[in-house]
1. Given an 8 Å cut-off on Cα distances and at least 6 residues of separation, report the relative contact order of the chain as a percent.
2. Using a Förster distance of 45 angstrom, determine the FRET efficiency expected from the C-beta separation of residue 141 and residue 342, and round it to 0.05.
3. Residue 95 to residue 268: extension gain in nm, 0.36 nm per residue of separation minus the Cα-Cα distance?
4. Test of understanding: what is the full-extension gain from residue 250 to residue 189, defined as 0.36 nm times their sequence separation minus their Cα-Cα distance?
5. For a quick size check, give me the Cα extents of the range 229-279 along its three principal axes, largest first, whole Å.
6. Compute the semi-axes of the equivalent ellipsoid of the range 109-278, taking the square root of 5 times each eigenvalue of the Cα gyration tensor, and list them largest first in whole Å.
7. Can you give the extra length, in nm with one decimal, that the chain gains between residue 235 and residue 62 once fully stretched, where that is 0.36 nm per residue apart less the Cα-Cα distance?
8. How large is the helix-only mean residue ellipticity at 222 nm for the chain, computed as the sum of -39500 (n - 2.57) over DSSP H runs with n ≥ 4, divided by its residue count, in deg cm²/dmol to the nearest 500?
Amino acid sequence: MRGILLGFLLLPALLQSGEVRAGWLERKLMVNGAGATFPYPLYSRWFAAYEKKHPTLAFNYQSIGSGGGIRQLLDQTVDFGASDAPMSDEQLKKAKSPILHVPATMGAVVLSYQKPGLRGPLKLSGEVIADIFLGKINRWADPRIVELNPEEKAVLQSPNDPDILVVHRADGSGTTSIFSEYLSKSSEEWKKRVGKGSALRWPVGIGGKGNEGVTSFIKQIPGSIGYVELVFAKTLKLPVASVKNAKGEFIEPSPRSVTLAAEGALSDIPDDFRASITLVPATGAYPISSFTYILVYDRMPKGPGRSALYGFLDWALRQGQEMSPGLNYASLPPPLVKRVMDRLARSEQESFRP
């Protein structure tokens with residue numbers, strides 16, 4: 001394992017034991033990470049807060065998308081990766097050392113749009129969303145959209161409105177993986193024609209790089225609709241749709257409705273934490289919810305500072321969760337936090353066996 005990461009993990013314990021020389025304290029220890037764009041606003045807050053507690057540390061996080069973060073982790077050019085979607089079995093086989101998925105926070109992939117005049121959030125079902133992104137529904141006045149939104153009939157059927165323009169991600173993206181997984185569960189035609197993945201061959205639409213690129217197109221182009229993370233839509237004050245969940249409820253995305261999705265899936269989350277929480281059959285659950293992960297090497301070399309092996313992760317899973325709702329992320333359910341901490345403790349014990 002990289003010396004930088006080991007030094008980062010051991011530093012809190014060394015500071016407490018007074019074994020650090022004055023010259024060492026004067027230097028910044030850089031911790032490098034790369035990956036998902038979705039959690040970047042929260043991660044940047046976490047890094048700043050943790051650096052205040054440990055002033056000899058500095059974090060360098062490249063918000064380049066989940067695919068890029070996984071590649072850099074596999075190449076061992078960063079100390080940690082970040083991804084909105086779990087790594088596949090094939091990707092894990094390429095790793096030079098076992099990798100642990102640590103759920104860090106949760107969020108919602110939302111449908112954002114530019115359709116002026118609507119009095120409230122647009123209501124959409126999975127089947128309708130799939131047909132919009134397949135190009136089968138290309139008008140706001142389509143009877144299936146009007147049927148879901150009868151109170152908005154006059155606005156949806158207004159003359160001279162532009163056709164629907166689909167906006168999707170142009171880069172490899174965990175957000176795309178989550179969204180396409182949801183569509184594959186919602187529509188057999190989508191599952192057969194397009195499927196799920198972080199990069200797709202889109203039937204229609206234009207591509208934007210990152211959540212920033214997609215939201216930029218939606219803000220500029222009348223009639224557009226695209227999928228982005230909730231925090232980006234809220235930051236830019238873009239409207240978001242209420243989406244029909246597995247219980248038949250139209251649910252507005254929020255930290256609370258995402259937490260309800262996770263709570264409904266707790267019994268199905270495996271020991272490696274690579275789990276889906278889309279379309280969870282739970283009351284009040286938002287159907288396009290997801291974990292986002294910090295990816296770390298599971299085993300560390302034998303050495304001192306065992307209690308500080310995952311110092312930053314321990315802090316993020318405990319105190320860091322308090323920052324999530326204020327930034328439109330969802331806090332992890334306490335039972336899941338306990339499971340993750342138990343797993344990290346087991347990793348510590350296994351790492352230091354002779």
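What follows draws every value from the coordinates through simple rules; no lab data is involved. Every value quoted in this text rests on a predicted model; they were computed, and no experiment measured them. Using ideal geometry, Cβ is built from the backbone for each residue, glycine included, and neighbour counts are taken over all protein chains shown.
1. Details: 692 pairs, mean separation 84.5, N = 354.
That works out to 24 percent.
2. Numbers: r = 54 Å, r/R0 = 1.19.
Efficiency, from the Cβ-Cβ distance: 0.25.
3. Values: separation 173, 0.36 × 173 = 62.28 nm, distance 2.58 nm.
This chain segment gains 59.7 nm when fully extended.
4. On the way: separation 61, 0.36 × 61 = 21.96 nm, distance 2.25 nm.
Gain on stretching residue 250 to residue 189: 19.7 nm.
5. Result, largest extent first: 38, 25, 14 Å.
6. Numbers: eigenvalues 125, 66, 52 Å².
For the range 109-278, the ellipsoid semi-axes come out as 25, 18, 16 Å.
7. The span from residue 235 to residue 62 would gain 60.3 nm if fully extended.
8. Working: 15 runs with 139 residues, N = 354.
One gets -11000 deg cm²/dmol as the mean residue ellipticity at 222 nm.
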